[in-house]
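Let me begin by presenting the structure, written as structure tokens, before commenting on it.
Coordinate-derived values only; no laboratory data. Predicted, not measured: the structure shown is a model, and the values here were computed from it. Glycine also receives a Cβ, built like all others from the backbone with ideal geometry; neighbour counts cover every protein chain displayed.
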Amino acid sequence: MGEDAVFKGRHFDRPVILLCIRWYLANNRSLRNLEEMMAERGISVDYATVHRWTVHYAPLLLVQFNRRNRPVTGKWRVDETHIKVRGQWRYLYRAIDSNGDTVEFWFSERRNLTAAQRFLRKALQRHGRPERIVIDGIQTNREAILSCDTTDRLQDRTRCDLKPIRIRQSAYLNNRIEQDHRAIKRRIRPMLGFKSTTTARVILGGVEMVHMMRKQQAKYACHRPLSLAEQFDRLAA
């Protein structure tokens, strides 16, 4: 990220900022809890400041993490879960591979064909074509895969005879991704709902990043597991 440029002009040093962001994204603590925890360590930082830091830096850290993310397998499980924003349900589309690694995620105000297509296009653009996708019984997800698969094959310029993406619909086989949703839902529960879709998208991106860090999905974690603190330092270096 470039420490001098990104953290220049901040009243607090980089280690303090990263510590607050990491604690907020990784632990079941509210912003006010973090304010109290920092005060116990002799550091006076307002909870609103921690929130601003998170909104500002989480997307930058996620970009750096994605550049270091290891490849996923060609077998995906796709599903969506609901998140409350200003009292209204919104939807987090997610995919994991056969190893349980996070493939992609997309936060949407609606659960419909357009949202499913945007999510899948993003996943295909970043990771290429999977061999198979497992979904539940929701028909719009199947339609989105067929649509994106057809478009992808028509736009292919390699002149290869690309095989269609195999689709398997089974609620039982998708239990694994539903379990994976719980790690995300568990973290956002103490946040007591988001105030805007924009803020929700940013914070959820940070929470997903930490979830991937815990799975040791980065290339730099291939040889030995790294703590969250070590991974944050690497991304911010």
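Summary table
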item: Lysine pairs within the chain, Cα separation less than 30 Å, 8 or more sequence positions apart or different chains; result: 22
item: Shape call, the range 75-194: gyration tensor on alpha carbons, a/c limit 1.5; result: prolate
item: Beta bridges per DSSP with both ends in the chain, % antiparallel, nearest 5; result: 70
item: Inter-label distance, nm, simple model (7 Å from Cα along the C-beta direction), Ala229/Asn112; result: 4.8
item: Residues with amide H under 5 Å from that of Gln169, placed H, sequence gap 5 or more; result: Ile135
item: Backbone N within the range 125-155 under 18 Å of label point (7 Å from Ser98 Cα along the Cβ vector); result: 127-135
item: Helix-only CD estimate at 222 nm, as mean residue ellipticity for the chain, using -39500 (n - 2.57) per DSSP H run (n ≥ 4); result: -16500 deg cm²/dmol
item: For the range 117-234, with +1 on Lys and Arg beta carbons and -1 on Asp and Glu, the positive-most of Pro225, Ile133, Ser196 along the dipole; result: Pro225
item: Extension gain, Leu60 back to Arg186 (0.36 nm per residue minus Cα-Cα distance, nm); result: 43.0 nm
item: Debye, to nearest 20: dipole size of the chain, +1 on Lys, Arg Cβ, -1 on Asp, Glu Cβ; result: 380
item: Environment charge at Arg22 (Cβ cut-off 13 Å; Lys +1, Arg +1, Asp -1, Glu -1); result: +3
item: Between the range 190-236 and the range 120-139, the Cα center-to-center distance that results, in Å; result: 22
item: Under the span-like rule (Cα at least 15 Å along the axis, Kyte-Doolittle mean at least 0.5), DSSP H helices of the chain; result: 14-26, 197-214
item: Potential extension, Leu173-Thr73 segment - 0.36 nm per residue separation minus Cα distance; result: 34.3 nm
item: Computed lengthening from Thr151 to Lys122, 0.36 nm per intervening residue step minus Cα-Cα distance; result: 9.1 nm
